[in-house]
Amino acid sequence: MAGLPLLLFVIFPAAIALLVRFISKIIDKPIAFLPVFLTASFVSICASLIYIAIAIFRNF
């Protein structure tokens, strides 16, 4: 379980960012890695917090 946060908040957003960057190079519109990675990380963290909030408030 210790590797799950690493997977959710670092590896998965990095893979998404690399995939977006690869596709952008194919269509000749280069995109920087860092903004895409930070956006994917932010979305991943927000989705996790929303999931936790729903799970907590469902029990009340």
Option label - Rg and Dmax of the Cα atoms in Å computed here, alternatives (i) 11.8, 38; (ii) 14.8, 51; (iii) 16.5, 49: (ii)
What angle, in degrees between 0 and 90 and rounded to the nearest 10, separates the Cα long axis of helix 33-58 from the longest principal axis of the Cα atoms of the chain? 20
Using the heavy atoms of the protein chains and a 1.4 angstrom probe, tell me the accessible area per residue for the chain in square angstrom. 82
Rounded to the nearest 500 deg cm²/dmol, what is the calculated helix-only ellipticity per residue at 222 nm for the chain, with -39500 (n - 2.57) per DSSP H run of length n ≥ 4? -24500 deg cm²/dmol
In degrees, nearest 10, range 0 to 90: what is the angle between the Cα axis of helix 12-26 and the longest Cα principal axis of the chain? 30
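The values are calculated or read from the model by the stated rules, or taken from the named source; none is laboratory data. On a predicted model such as this, the values are computed, not experimentally measured, just so you know. Please note that ligands, DNA and RNA were not included when accessible areas were found on the heavy atoms of the full protein model with its side chains. Shrake-Rupley method; radii C 1.70, N 1.55, O 1.52, S 1.80 Å.
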